[in-house]
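The values are calculated or read from the model by the stated rules, or taken from the named source; none is laboratory data. These numbers were taken from a predicted model, which means no experiment stands behind them. Counting neighbours? That spans all protein chains shown, and the Cβs are built from the backbone with ideal geometry, glycine included. Just the protein is used for accessible areas: all its heavy atoms, side chains included, with ligands, DNA and RNA removed. Shrake-Rupley method; radii C 1.70, N 1.55, O 1.52, S 1.80 Å.
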Amino acid sequence: MSSPTATAPNYELIQQDGLETSLLEVSMGPHHPSTHGVFRMDVKLDGETVVDLQPVFGYLHRNHEKLAENMSYLASMPFTDRLDYFNSMTNNWAYALAAEKLVEIEVPERAEYLRVIMAELTRLVNHISLVGFFINDLGALGTPLLYAFREREKIMDLFEQASGARMMCNYFRFGGLRNDVPEGWLDRTREVVDRFPDFLDEYEKLLCENEIILSRTQGVGCLSRDLAISAGITGPMLRASGVNYDIRKVDQYGIYNRFKFRVPYTDDDVGDCYDRFMIRMLEMRESIEILKQALRDIPGGDIIGKAPKIFKPKPAEAYARVEGPKGELGFYLIADGTPKPYRYRVRPPSLINLTVLRDMCLSQKIADAVVILGSIDIVLGEVDR
Amino acid sequence: MSHTVGHEPILGKFPGLEWDEEAGALVVPAAQAAKIATWLRDNDAFLLDYCSNVTGVDYLEREIKEKVTNEAGKTETVIRIEPSRMDIVYHLYSMQKQTGPLVLKQRTNREQPEVESLTPVWRSCELQEREVYDLFGVNFMGHPDQRRILMWDEFEGHPMRKDYTEPFDYEWEPTPHDEVLERHQRGKVIV
Amino acid sequence: MTTSNTSPDIDLDNTTRTELERAGVIVSKVDYLYNWARGGSVWPLTFGLACCAIEMIASATSRFDISRFGSEVFRPTPRQADLMIVSGTVTKKMAPQVVRIFNQMPEPKWVIAMGACAISGGPFKQGYNVLKGIDRYIPVDVYLPGCPPRPEAVLQSLNYLQEKIRTQDIKSDPAFTKGRRQYTVPEFTGKDLEPPYNPDVWQPPTNPNVKPLEEATA
Ligand code: SF4
């Protein structure tokens, strides 16, 4: 049971004064408060130092792909909500994009704007919750998480008003959105967006230069640029390792080419936990910029294009991806001319970002392994699907 | 939009390399996958340094009805039998050149599927190939750590295959639940 | 605030009771006091399985504030918890661990099955790796439907549980008389879990419209 490129440091057991020591094996999880769900790490410890680590998956394997292959295209839409349950809107979007590649449907202007607004609000929700959980993993039990969830609730309310559900929005349709936002929704959104930077200021003042956070995260869990690219890391984690790669810029799906925003990334070749944390804080600011522009320019009009009544694409293959808050979320669909997809595959960013968990944790302290896992930002619904 | 990678320059370079027009994918001949992949990764014209998505596709034996025009000028329907096969699909991008995707496919049989692992070329294949091994039963030669990833170790069978039958653990329930009810009516209910 | 009747089922007229209370004397039953204390300080287990766990966390945060009902002390270890909120999809791979965690909890202990998934498999019911209801292996006290249930619903389910706790009788309740309840931990086999359900806890419902086999053939 060894993993490819990273090899455990050559370990010799210390024998001293006739005392024999041995490695301690700890199974962290699947029920462990810091594993963000039902994830398990089999850790081998020498004292407190991690000498080997094996991630164990599958405790939330809900057969999403198999189920989706046995139902019509649209029926899978609510299931995509439950993949990465923090970000139902971006999941919806990725799936809608893939389906729109199979059957050409034009998306109306207003829907495109609303899609961007929803996706960026989702990014805010994800990043604040993540930062809250991350600080929680550092040992600050409760308080930052409460702050984060306070802000999250404001955005949850917006989602609820628009789609009828707090978390599982099921709001996107092939060719647009399910329904228009209610009256006054845009104004309320503007209000929330305008006040969000105040919260970020508060949060940054509290956390970004906090002595404890600095010493717990700087230089911990280093990930080099080359390894990040080769291991297919995406999202904030990749940018923290110094790669300027954002699918919103590269693919310019939807109408992202109309907005002015910057992509934060570090300028050196290694990223540590602090970089990953900071990238997310900065990304929130950019999301707010996008939101402001979108809320300013949004036109009226239809919100769903002319989609065929029965969604029955001709035999073809399509792969569509979006920049989800956790990384590249892709959907790979193979149509065979029936109303059900022949093959339905989700490219889960959380799972692939975990490829390097072992490399980052080796020869760190066990307490840091928790921090490193927190900084990767995984959601088990997506890791195991 | 990112620029797609042209496949024409690659075709001549390796014998046996095919372009599948319908799927829009390069079909790699057996036992050359790793070589071609390394070349694609390192060649300056492509620099496909990022392998995004790895997955398997299981094709059962299918009958395909096709309309053909025969010599007399009439159209007639011909039934063609497409043999079963197993595809392993790789979606490749270039982070340096910001291009992609290029779709790479390895083809193998369903009965004893065996392909070359591309984990030595791109680390990102590691967990995804393990997943394909678990759910489709494809053997990846050269994979450093091939074991089940999602199902438990004692598990038998490969659930994502099209002909997998799941254990029957439904029971009658007071609410009609489409398929469950149907199975119940067929009398297959555990009581 | 109206004071609730602290001496239910005790033959005591109201004036005497108020007078006694004024003097600092409460006439009550041990059951009542014990259950009141228990119900007001249920300690849930920090135990999240899937999406529903996020709403469970949300119910503990400042907006919904589960501490109004005395349950803010989330405990990560089962040995200090009384309440297990099964929040999310229980897969077959996870089911043995859930039962094991339940076995480790001390008595008295309660279970809330939160969300459609924990009740019956929910949207994922047809999946090959999804357990069709956690009540196949452990007894459930409150079923909380929803996908996911709103945080308010979590609080209401807690209220229902407290109501249930109030009716407990210390002398006869199995939680107090039988010692720690432990259930068989299912084991992995090639296809499924063994046993597929625990017959002591759960029996599949029978269809009233279908006659038993002997009757049908006779
Ligand atoms: S009931 Fe719905 S929200 Fe809850 S775990 Fe199941 S799918 Fe997720």
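Tabulated data
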{"read-out": "Where Rh is the Kirkwood radius over Cα pairs, Rg/Rh for the stretch A:19-78", "value": "1.29"}
{"read-out": "Paired Rg and Dmax values of the protein assembly as shown, which use every Cα atom, in angstrom", "value": "28.2, 112"}
{"read-out": "Nearby lysines by direct alpha-carbon distance to residue A:340 (threshold 23 angstrom, same-chain neighbours under 8 apart not counted)", "value": "A:66, A:101, A:306, A:309, A:312, A:314, B:65, B:105, B:162, C:125"}
{"read-out": "Extension reserve of the residue A:310-residue A:204 stretch, reckoned as 0.36 nm per residue once the Cα distance is removed", "value": "33.2 nm"}
{"read-out": "Environment charge of residue A:305, counting only residues whose C-beta is closer than 15 Å and scoring Lys/Arg +1, Asp/Glu -1", "value": "0"}
{"read-out": "Label zone at residue A:191 (point 7 Å along Cα-to-Cβ), backbone N below 20 Å, the stretch C:46-89", "value": "C:63-64"}
{"read-out": "If the convex hull is drawn through the Cα atoms of the stretch C:94-151, its volume per residue in Å³", "value": "82"}
{"read-out": "Relative contact order for chain A, counting Cα pairs under 8 Å that sit 6 or more residues apart, in percent", "value": "26"}
{"read-out": "Qualifying lysines (Cα of each under 17 Å from Cα of residue B:97; at least 8 residues distant if same chain)", "value": "A:249"}
{"read-out": "Diffusion constant of the stretch A:97-193 at 20 °C, which comes from Stokes-Einstein with the Kirkwood Cα-pair radius and 1.002 mPa s, µm²/s", "value": "144"}
{"read-out": "Spatially proximal aspartates and glutamates relative to residue A:260 (Cα-Cα < 17 Å; intrachain offsets below 8 disregarded)", "value": "A:112, A:120, A:246, A:251, A:283, A:286, A:289, A:297, A:323"}
{"read-out": "Residue of B:73, B:56, B:12 that the Gaussian network model of chain B assigns the largest fluctuation, springs spanning Cα pairs under 10 Å", "value": "B:73"}
{"read-out": "Protein-only accessible surface order, largest first, of A:52, A:226, B:42, C:11 at 1.4 Å", "value": "C:11, A:226, B:42, A:52"}
{"read-out": "Cut-off 15 Å between beta-carbons: net charge of the residues surrounding residue C:30, Lys and Arg +1, Asp and Glu -1", "value": "0"}
{"read-out": "Cβ-based net charge around residue C:151, under 15 Å, with every Lys or Arg adding one and every Asp or Glu removing one", "value": "0"}
{"read-out": "Estimated distance in nm for a label pair at residue C:164 and residue C:65, the labels positioned 7 Å out from Cα along Cα-to-Cβ", "value": "2.7"}
{"read-out": "Cβ-derived FRET efficiency at R0 22 Å, residue B:154 paired with residue B:112, nearest 0.05", "value": "0.50"}
{"read-out": "Estimated inter-spin distance, residue A:363 and residue B:165, nm [label 7 Å along Cα→Cβ]", "value": "5.4"}
{"read-out": "P(r) of the stretch C:75-218 over all Cα-Cα pairs, binned every 10 Å from zero, in whole percent", "value": "11, 35, 34, 15, 4, 0"}
{"read-out": "Heavy atoms of residue A:163 accessible to a 1.4 Å probe, total area in Å² rounded to 10", "value": "10"}
{"read-out": "Average projection area in nm² (convex hull over Cα atoms of the stretch A:64-383, one quarter of hull surface)", "value": "15.5"}
